[in-house]
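The values are calculated or read from the model by the stated rules, or taken from the named source; none is laboratory data. This one's a predicted model, so the numbers in the text were calculated from it and none came from an experiment. Side chains included, ligands, DNA and RNA excluded: accessible areas come from the protein's heavy atoms. Shrake-Rupley method; radii C 1.70, N 1.55, O 1.52, S 1.80 Å.
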Amino acid sequence: SNTVPAAASAVAGLVVETDPPDAQLLIDGRLVKPGGQAPYETDRLEADVAHVVVARKDGFREASATVT
(Lines give C-alpha, C1' and ligand atoms only; values in the text may rest on other atoms or scores of the structure.)
Protein backbone atom coordinates (compact mmCIF):
# COMPACT_ATOMS: atom_id res chain seq x y z
CA SER A 1 0.00 0.00 0.00
CA ASN A 2 1.12 3.56 -0.65
CA THR A 3 1.86 5.80 2.30
CA VAL A 4 0.77 9.39 1.94
CA PRO A 5 2.97 11.78 3.92
CA ALA A 6 1.14 13.89 6.48
CA ALA A 7 0.66 17.48 5.43
CA ALA A 8 2.38 20.07 7.55
CA SER A 9 0.01 22.01 9.76
CA ALA A 10 -0.73 25.47 8.47
CA VAL A 11 0.34 28.29 10.76
CA ALA A 12 -1.20 31.68 11.35
CA GLY A 13 -0.07 34.97 12.82
CA LEU A 14 -1.61 36.96 15.64
CA VAL A 15 -0.85 40.38 17.13
CA VAL A 16 -2.43 41.28 20.49
CA GLU A 17 -2.29 44.68 22.17
CA THR A 18 -3.61 44.92 25.72
CA ASP A 19 -4.94 47.84 27.74
CA PRO A 20 -3.17 48.26 30.08
CA PRO A 21 -0.18 47.44 27.86
CA ASP A 22 1.69 45.61 30.63
CA ALA A 23 -1.03 42.98 31.16
CA GLN A 24 -0.15 39.30 31.08
CA LEU A 25 -1.25 37.37 28.01
CA LEU A 26 -2.08 33.67 27.80
CA ILE A 27 -2.89 31.67 24.69
CA ASP A 28 -4.52 28.28 25.20
CA GLY A 29 -3.60 28.42 28.89
CA ARG A 30 0.11 29.05 28.25
CA LEU A 31 1.67 32.31 29.46
CA VAL A 32 3.19 33.94 26.36
CA LYS A 33 3.64 37.52 27.62
CA PRO A 34 4.38 37.91 31.35
CA GLY A 35 4.08 41.71 31.25
CA GLY A 36 6.05 44.51 29.65
CA GLN A 37 4.90 47.25 27.31
CA ALA A 38 5.24 45.69 23.85
CA PRO A 39 2.31 44.05 22.07
CA TYR A 40 2.54 40.28 21.69
CA GLU A 41 3.14 38.97 18.16
CA THR A 42 3.43 35.41 16.87
CA ASP A 43 3.37 33.69 13.51
CA ARG A 44 3.29 30.18 14.95
CA LEU A 45 -0.32 29.45 15.88
CA GLU A 46 -2.01 26.48 14.28
CA ALA A 47 -4.37 27.79 11.60
CA ASP A 48 -8.06 26.87 11.35
CA VAL A 49 -8.16 26.00 15.07
CA ALA A 50 -9.91 27.97 17.81
CA HIS A 51 -7.44 29.49 20.28
CA VAL A 52 -8.38 31.07 23.62
CA VAL A 53 -6.61 34.36 24.34
CA VAL A 54 -6.72 35.72 27.92
CA ALA A 55 -5.38 39.07 29.17
CA ARG A 56 -5.06 39.70 32.90
CA LYS A 57 -3.54 42.14 35.35
CA ASP A 58 -4.03 42.58 39.05
CA GLY A 59 -6.70 45.20 39.75
CA PHE A 60 -8.37 44.72 36.34
CA ARG A 61 -11.12 42.43 35.14
CA GLU A 62 -9.79 39.47 33.15
CA ALA A 63 -10.64 39.58 29.43
CA SER A 64 -10.79 36.61 27.07
CA ALA A 65 -11.59 35.94 23.44
CA THR A 66 -11.64 32.92 21.17
CA VAL A 67 -9.90 33.47 17.83
CA THR A 68 -9.55 31.22 14.80
* So what are the ³J(HN,Hα) numbers for the stretch 47-55, from phi and the Karplus equation (6.51, -1.76, 1.60; θ = phi - 60°), rounded to whole Hz, Gly and Pro as x? -> 6, 6, 10, 6, 10, 9, 10, 10, 10
* Structure fact -> So Gln37 and Ala50, fully extended at 0.36 nm per residue minus their Cα-Cα distance, gain in nm 2.1 nm
* Structure fact -> Residues whose modelled amide H sits under 5 Å from the amide H of Gly35, counting only those 5 or more places away in sequence or on another chain, are Leu25
* Expressed as a whole percentage, what fraction of the accessible surface of the chain belongs to carbon and sulfur atoms when a 1.4 Å probe is rolled over the protein heavy atoms? -> 49
* Asked: If eta is 1.567 mPa s and T is 4 °C, what Stokes-Einstein diffusion coefficient results for the chain, Kirkwood Rh from Cα pairs, in µm²/s?
  -> 97
* Accessible surface, per residue, of the chain when the full set of protein chains is kept, probe 1.4 Å, Å² -> 76
